[in-house]
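Throughout, read-outs are computed from the coordinates displayed, never taken from laboratory work. Source: prediction; values computed, not measured. Positions of Cβ are generated from backbone atoms using ideal geometry, with glycine treated the same way; all protein chains shown enter the neighbour counts.
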Amino acid sequence: MLFLQDTRSIGLIFWIVVALLLINAAVVIAGAVFEDAVDIPDYVTDRDMYCLLIGAGSLISAAIYGLNAHRVMSKKMTRLEVLHGYVLTVGLCTAAGGVFGGLAEYLCTSDPESGIIITAVTIVLGLIVILISMAIVNGKKGFMKKVIWAILVISFILMLIDALIPADNYWTYAEHIAHLLIAFFMLAFILDSGIRKEMGALS
């Protein structure tokens, strides 16, 4: 696919994600001022702080995606470097989102225990994804690289399926659009035989 041959073009997809995350953050933060802006779960006890924390998480994720998008579009990169940068971005956003989402649950709802669980689980998941991103470019080949490649393919397929599930609220809808775009193009990207060889997942 010609689109995949020019890695800078993929940066356009990342910038779309940045825009969606910024819109999402703005709407959620607006929910702290305008009650009709967003639907807040019934178990939330502090609406204003809940919206501010969730919105802050989206802003930080947008900043991380923005840095990655700028890097992809501003210089010539190999497809493997783009894949590494994207997976690293996901890991960082997962960890950051978990911290803010967990804080929102812990401080602003009637179920603070779930906030602790959310924070711990998402931080661990984020660290695992970051380690996978490092393994992508470690230059090694073999069985583990094939396992990592398979994990990434399954992850993108699950992301694609999840993005097609009807959204319950505005920010979930925005996330679904972003995930749909990413999953579609990254699946086409990682299934390419060239990237499999670069990863060391294809003999």
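Summary of computed values
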{"read-out": "For segment 1-92: relative contact order, % (alpha-carbon pairs under 8 angstrom, 6 or more apart)", "value": "40 percent"}
{"read-out": "Relative contact order, percent, the chain [alpha-carbon distance under 8 Å, six or more residues apart]", "value": "22 percent"}
{"read-out": "Label point distance in nm, ALA26-ILE165, each placed 7 Å from Cα along Cα→Cβ", "value": "2.9 nm"}
{"read-out": "Spin-label pair LEU125/PHE143, simplified geometry with 7 Å Cα→Cβ offset, distance in nm", "value": "2.8 nm"}
{"read-out": "Global geometry of segment 67-182, whether rounded, prolate or oblate, following the gyration tensor of its Cα atoms and the 1.5 cut on a/c", "value": "prolate"}
{"read-out": "Pairwise Cα inverse-distance average, inverted: Kirkwood Rh of segment 73-127 (Å)", "value": "12.3 Å"}
{"read-out": "Centre separation in Å (Cα based) which lies between segment 86-128 and segment 180-201", "value": "27 Å"}
{"read-out": "Ellipticity estimate at 222 nm from DSSP helix runs (n ≥ 4, -39,500 (n - 2.57)) divided over the chain, nearest 500", "value": "-27000 deg cm²/dmol"}
{"read-out": "Burial order of peptide ranges 98-106, 156-164 (average beta-carbon count within 10 Å, highest first)", "value": "98-106, 156-164"}
{"read-out": "Average projected area [Cα convex hull, the chain], square nanometres", "value": "11.2 nm²"}
{"read-out": "Cα-based helix-to-principal-axis angle, 79-108 vs the chain, degrees rounded to 10", "value": "20 degrees"}
